[in-house]
Amino acid sequence: MTLSLIWMGIGFGLITASVLALGAVGLTLQFGVTNFVNFAYGEFLTIGAYLAFVFNKGLNMNIWLSMLIAGVLTAVVAYLFNVWVIQPFIKRKSQMIILLVVTIGMDLFLMNFVQAIFGPEFKQYQDPAGSILHIGPFLFTLQQIIIILIAAAAMVSLHVLLKYTKLGKAMRALSDNAELALISGIPTMRVTNYAWLLSGFLGGLAGVVLAINVNNFTPALGSEFLFVIFAAVIMGGIGRPYGAMLGALVIGLAMEVSATFMDSAYKTVVAFGILVIMLLFRPQGILPSRGRV
Amino acid sequence: MLHYLLTLAIFFAFFAVEAWGLNLQFGLTGILDFTYITFVAIGAYFAGVAAMTPSTNGGMGGSYIFGWQLPFPLSPVIGGIAAAMLGVVVGIIGLRRLRSDYLAIVTVSVGQIVWMVIGNATPLFNGWDGIVGVPQPYNSVMNLSTNNYEWPFLGISVIVAAIIFWLVRSLTESPYGRILRAIREDENVAAALGKNVFRYRMSAFVIGAFIAGISGALQIEYIGAWNPSGWTTLETFIVWAAMLVGGRGNNRGMLLGAFLVPVLFTEATRWITIPAHPLLMEAIRGMAIGLLMVLAVRFRPQGVIPERKRVFPLTTIPGLKEDVANGHTAQG
């Protein structure tokens with residue numbers, strides 16, 4: 001085991017962590033505001049990846065521009081998902097377990113919907129990976145550096161949004177105590193819709209960068225990655241965006257560094273192991289609990 | 001045609017058993033098991049390798065563990081116990097947290113991990129190729145052809161299904177079942193009455209997993225082979241849809257659900273093929289199952305045959321009748 005191999009693992013880990021951070025923050029934001037897990041979230045990633053495929057391969061657009069458009073369209077999908085599918089159940093005051101059954105049913109529906117349109121074959125974007133750059137001990141392609149920059153930019157913007165804007169403060173309030181937020185005059189419905197939009201946007205972006213990162217993808221792209229996202233989300237404390245960022249970093253590094261020691265087919269087992277340890281010993285997450293978003 | 005109907009009848013028994021197990025977990029206790037098929041598969045694998053001849057390791061049959069050549073009633077029991085043990089592990093990780101989403105997350109993750117590990121770790125159950133040549137119960141003495149063997153196997157399936165039905169019915173109608181329903185309705189109230197919610201939920205989850213394993217064991221001993229492409233996410237939700245349509249909480253409803261969804265809808269639509277896109281029908285079937293789950297809980301959450309509403313007449317409680325007669329109302 002040479003040192004350079006470990007540095008390579010850390011390099012891959014940073015990229016996986018970037019993909020994971022986008023996905024994990026998108027899931028945890030929506031959880032924080034609505035207080036239930038969306039098991040169809042993996043399909044937001046898949047839908048984002050395939051929408052970008054349409055623009056990139058079908059309309060010959062630049063992959064990063066395709067990614068942005070796909071992110072916006074996935075946000076619309078997530079918004080409609082909330083309005084058409086989730087809200088009827090919220091209005092009837094359905095139990096949470098029923099909501100979870102609904103989201104997993106929609107997961108199955110959406111995944112097979114994508115498969116019905118695009119088929120089960122592997123798809124690939126057309127985009128040169130770019131020249132290989134040496135940055136310190138790391139070797140990155142230009143594409144990988146852009147992925148890391150996108151994730152970093154998204155995390156900084158999210159921080160600004162949550163900390164300094166009215167919408168961000170409203171989301172945090174709603175996440176702390178929904179009833180209190182409502183009687184304080186916060187338009188909870190509108191804030192919830194924004195949370196879904198944001199969740200879909202981040203999920204869509206995560207799907208595209210995940211598809212770039214794994215190179216070939218099928219309609220199972222998102223649902224197969226979902227439990228790695230769960231691991232990152234639970235590690236950081238479910239519903240906490242900053243925790244999800246930290247969780248993404250830890251899980252991403254752990255997965256890729258371990259892959260330099262053993263068969264890389266088992267790297268998801270590492271993510272699963274961390275998930276199990278967290279649930280057994282610290283289910284509230286590694287960050288001290290002080291409000292959820 | 002008779003051959004086909006017999007096969008359907010046998011599959012009906014498999015699915016009915018699966019639905020009873022899931023109904024015990026979700027319908028009765030309110031536990032979200034989003035990877036039910038994994039317990040079916042574990043039951044199938046372990047029953048299979050318990051019944052097979054020892055592996056020649058790398059020979060024609062591939063490599064696998066065990067190879068104990070156990071006779072029929074023992075091999076399914078091995079399968080059921082293996083599935084129950086996986087249930088204990090999953091329950092320890094996910095059931096201690098009171099929020100139901102944690103267990104759901106654990107089940108989704110466990111399903112993916114088990115699927116991936118069984119596929120990649122070839123020494124266990126011969127990896128992605130799966131195990132083949134599982135002996136059919138007692139056919140080494142009966143020496144029947146595949147077509148003629150279906151009658152005795154239907155008999156075996158019906159007997160096993162009847163035993164499982166008796167088991168779930170006894171559990172449902174007993175005080176134990178009443179506590180499970182109480183936990184489903186409000187676990188805090190059940191805990192306040194001194195019931196150990198974790199222990200009850202754990203036991204219901206594990207018994208459900210055992211029943212799933214029994215169904216898987218029956219399936220592998222009928223089909224004779226098992227590999228990872230046979231137990232995908234879709235299979236879990238076919239059972240879910242059957243349970244929701246049949247009427248969760250109702251064991252008779254499970255029979256109807258197992259007939260309507262897996263047998264009538266899934267098996268019968270295998271006749272429909274779209275020549276240009278051979279896999280399109282598979283995707284449409286998946287969309288339909290997902291949509292069916294959502295529409296079922298939206299428009300008929302109680303299912304076709306609703307759970308019987310339990311009413312406990314006040315007159316059976318000594319002293320209460322007089323209170324009611326005097327104008328006092330019993331609350332709760």
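Kindly establish whether B:Trp231 is farther than 25 Å from B:Arg184 by Cβ, of a type in the set (A, V, I, L, M, F, W, C), at pLDDT below 90 and within 15 Å of the chain's Cα centre (by Cα). Considered against the rule, which asks whether it is farther than 25 Å from B:Arg184 by Cβ, of a type in the set (A, V, I, L, M, F, W, C), at pLDDT below 90 and within 15 Å of the chain's Cα centre (by Cα), B:Trp231 comes out as yes. Within segment A:145-170, work out how many residues are closer than 18 Å to A:Gly200 by Cα and more than 18 Å from the chain's Cα centre (by Cα). Number satisfying all stated conditions: 2. Taken across segment B:268-286, residues that are surrounded by fewer than 19 Cβ atoms within 10 Å (Cβ to Cβ), of a type outside the set (S, T, N, Q), at the interface with another protein chain (Cβ under 7 Å from one of its Cβ atoms) and closer than 21 Å to B:Leu28 by Cα do not occur at all. In segment A:38-59 there is no residue matching the filter, namely being at pLDDT below 95, farther than 22 Å from A:Pro120 by Cα and of a type outside the set (D, E, K, R).
In the set (1) more than 16 Å from the chain's Cα centre (by Cα); (2) part of a loop (DSSP other than H, G, I, E, B), A:Ile238 fails one condition alone, (1).
Considering only helices (runs of 4 or more DSSP H) fully contained in segment A:37-156, which possess at least 3 residues that are hydroxyl-bearing (Ser, Thr, Tyr) and either on the phi < 0 side of the Ramachandran plot or more than 14 Å from every other protein chain (Cβ to nearest Cβ) (or both)? Show your work before the answer.
Working: elements: A:41-53, A:63-80, A:87-91, A:96-118.
The qualifying helices (runs of 4 or more DSSP H) are A:41-53, A:63-80.
Taking each residue of segment B:127-142 that is aliphatic (A, V, I, L, M) and looking for partners that are part of a strand (DSSP E or B) with beta-carbon atoms closer than 9 Å, six or more apart or interchain, yields B:Ile131/B:Tyr64; B:Ile131/B:Ala225; B:Ile131/B:Trp226; B:Val132/B:Ala225; B:Val132/B:Trp226; B:Val134/B:Ala225; B:Val134/B:Trp226. Name the residues in segment B:113-126 that are within 14 Å of another protein chain (Cβ to nearest Cβ) and buried (at least 22 other Cβ atoms within 10 Å of the Cβ), would you? The one that is within 14 Å of another protein chain (Cβ to nearest Cβ) and buried (at least 22 other Cβ atoms within 10 Å of the Cβ): B:Ile118.
In the set (1) surrounded by 24 or more Cβ atoms within 10 Å (Cβ to Cβ); (2) within 18 Å of A:Ser157 (Cβ to Cβ), A:Phe39 fails one condition alone, (2). Among the candidates A:Gln126, A:Gln115, the residue that is polar (S, T, N, Q) and surrounded by fewer than 16 Cβ atoms within 10 Å (Cβ to Cβ) is uniquely A:Gln126.
The one condition from (1) farther than 21 Å from A:Ala40 by Cβ; (2) modelled with pLDDT under 90 that A:Met235 does not meet is (2). Only residues that are of a type outside the set (Val, Ile, Thr) and not in a helix (DSSP H, G or I) were counted in segment A:214-235, giving 5. Among the residues of segment B:95-105, those that are surrounded by 20 or more Cβ atoms within 10 Å (Cβ to Cβ), over 17 Å from the mean Cα position of the chain (by Cα) and within 7 Å of chain A (Cβ to nearest Cβ) comprise B:Ser100, B:Asp101, B:Tyr102, B:Ile105. For A:Ser264, the conditions (1) within 14 Å of chain B (Cβ to nearest Cβ); (2) in contact with a Ser or Thr (Cβ under 8 Å, 6 or more places away or on another chain); (3) surrounded by fewer than 24 Cβ atoms within 10 Å (Cβ to Cβ) are fulfilled apart from (2).
Would you confirm, using the coordinates I've provided, whether A:Leu180 is touching a residue at least 60 places away in the same chain (Cβ under 8 Å) and assigned to a helix (DSSP H, G or I)?
Numbers: touching a residue at least 60 places away in the same chain (Cβ under 8 Å): no; assigned to a helix (DSSP H, G or I): yes.
For A:Leu180, the condition - touching a residue at least 60 places away in the same chain (Cβ under 8 Å) and assigned to a helix (DSSP H, G or I) - is not met.
Based on this model, can you work out whether B:Ala296 counts as modelled with pLDDT of 85 or more, surrounded by 19 or more Cβ atoms within 10 Å (Cβ to Cβ), over 20 Å from the mean Cα position of the chain (by Cα) and within 20 Å of A:Asn112 (Cα to Cα)? Break it down stepwise before answering.
Working: modelled with pLDDT of 85 or more: yes; surrounded by 19 or more Cβ atoms within 10 Å (Cβ to Cβ): yes; over 20 Å from the mean Cα position of the chain (by Cα): no; within 20 Å of A:Asn112 (Cα to Cα): yes.
Spelling it out, it is not the case that B:Ala296 is modelled with pLDDT of 85 or more, surrounded by 19 or more Cβ atoms within 10 Å (Cβ to Cβ), over 20 Å from the mean Cα position of the chain (by Cα) and within 20 Å of A:Asn112 (Cα to Cα).
Of the residues making up segment A:215-244, those that are in contact with a Phe, Trp or Tyr (Cβ under 9 Å, 6 or more places away or on another chain) and aliphatic (A, V, I, L, M) are A:Leu221, A:Leu226, A:Val228, A:Ile229, A:Ala231, A:Val233, A:Ile234, A:Ile238. With respect to (1) at pLDDT 90 or above; (2) within 14 Å of chain B (Cβ to nearest Cβ); (3) touching a Lys or Arg at 6+ places or on another chain (Cβ under 9 Å), the lone exception for A:Ile274 is condition (3).
Taking residues in segment A:147-170 that are in contact (Cβ under 8 Å) with a residue 12 or more places away in the chain, and partners anywhere that are part of a helix (DSSP H, G or I) and among the charged types (D, E, K, R), the pairs with Cβ atoms closer than 8 Å and at least 6 places apart or on different chains are A:Leu162/A:Lys169; A:Leu162/A:Arg172. Applying the selection to segment B:1-44, what residues are farther than 23 Å from B:Val245 by Cα, in contact (Cβ under 8 Å) with a residue 40 or more places away in the chain and either within 15 Å of the chain's Cα centre (by Cα) or assigned to a loop (DSSP other than H, G, I, E, B) (or both)? Once the filter is applied, which keeps residues that are farther than 23 Å from B:Val245 by Cα, in contact (Cβ under 8 Å) with a residue 40 or more places away in the chain and either within 15 Å of the chain's Cα centre (by Cα) or assigned to a loop (DSSP other than H, G, I, E, B) (or both), segment B:1-44 yields B:Ala41, B:Ile42, B:Gly43, B:Ala44. Evaluating A:Leu210 against the criteria (1) within 14 Å of chain B (Cβ to nearest Cβ); (2) touching a residue at least 12 places away in the same chain (Cβ under 8 Å); (3) of a type outside the set (Lys, Arg) leaves one unmet condition, (1).
The values are calculated or read from the model by the stated rules, or taken from the named source; none is laboratory data. A quick note: this is a predicted structure, and the numbers were derived from the prediction, not measured. Glycine gets a Cβ as well: all are built from the backbone with ideal geometry, and neighbour counts include every protein chain shown.
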